[in-house]
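Below is one structure, written out as structure tokens; comments come after it.
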Amino acid sequence: MRTPLLLNILLVCTLCQPKADPELYSRSWTDADRTYLLAGLDSTLNMILEKVAGMDEDQWNRQSDPNRWSAALIVEHLITHDELFYREVRVLTGLPEMPPVPDSLFSTDDRILSYSEINDRNRGTAPSYLEPLGRWCTKEDALNAYSRVRNALIRFVQTTDKDLRRYYTSSGRGPTQYRDLHQLLLISISHTARHYEQLLGH
């Protein structure tokens, strides 16, 4: 029995296609990933807002010592952090998808989420561009600014049609070189949870 010509052509094309390199980073962004980010970004925002809601201006600005941030400075730091990440995701997803790189240069999602824990292994100081400078005069202004930028991130995750695993950025610190944009937003979640733990001491 002779194989139809079209089937022969398809078989040849399939055999000639390059196989995926298992050593290259090849994750895809899933509906479950999107749902996880939306839940985490929303819940950690609400954790912060609820924690500081009952603070008066004195409690809001109080520092127990010069090296310990007040609640006002913590929230300002969170605003600056989310603004930076929002710019990154908007700019990078406006570019063509990036070339594949080795999987070994990325961390796991679980390891990134572990940044929410404060311990000697991951303790550090904020880089100068993320240091709070007292830019908001009132608690209300700061919380409005924080809600605005976090909700912009949430809207981005809700509406983007980009595969956030196909875009990546330098990790900046830590044992791996890159983080994809899904992982970048996981950092925003774990970073907020980390500073919520600091607020519990206020």
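No value in this document is a laboratory result; all are computed from the given coordinates. All figures in this text were calculated on a predicted structure; none of them were measured in a lab. Neighbour counts run over all protein chains shown; Cβ positions are idealised from the backbone, glycine included.
Output wanted: per-residue J couplings in Hz (rounded whole) for region 191-202, from phi through Karplus 6.51 cos²θ - 1.76 cosθ + 1.60, θ = phi - 60°, x for Gly and Pro.
Taking θ as phi minus 60°, the curve returns 5, 5, 4, 4, 7, 4, 4, 5, 5, 5, x, 9 Hz for region 191-202.
If you rank Thr159, Thr138 by fewest surrounding Cβ atoms within 10 Å, what's the result?
Values: Thr159 7, Thr138 12.
Least to most surrounded, the residues fall as Thr159, Thr138.
Would you grab the residues whose amide H sits under 5 Å from the one on Leu24? Only those 5+ places off in sequence or on another chain, please, with H modelled 1.01 Å from N.
Amide H neighbours of Leu24, under 5 Å, 5+ apart: Asp103.
What relative contact order, as a whole-number percentage, does region 27-199 give when Cα pairs under 8 Å and 6 or more residues apart are counted? Kindly include the intermediate steps, with their values, before the conclusion.
Working: 172 pairs, mean separation 72.0, N = 173.
Averaging sequence separation for qualifying contacts and normalising by length gives 42 percent for region 27-199.
Which value, in Å to one decimal place, does the Kirkwood hydrodynamic radius take for region 27-199 when every pair of different Cα atoms is included?
On the way: mean 1/r = 0.0592 Å⁻¹.
Taking the inverse mean of 1/r over all distinct Cα pairs, region 27-199 comes out at 16.9 Å.
So, how do all the Cα-to-Cα distances of region 60-109 break down into 5 Å bins, in percent, from 0 on up?
The percentages, shortest bin first, are 4, 16, 12, 13, 16, 11, 10, 9, 6, 3.
Could you tally the net charge around Ile154, taking each other residue with its Cβ under 13 Å from the Cβ of Ile154, Lys/Arg +1 and Asp/Glu -1?
Details: positive: Arg34, Arg148, Arg150, Arg155; negative: Asp42, Asp82.
Result for the local shell: +2.
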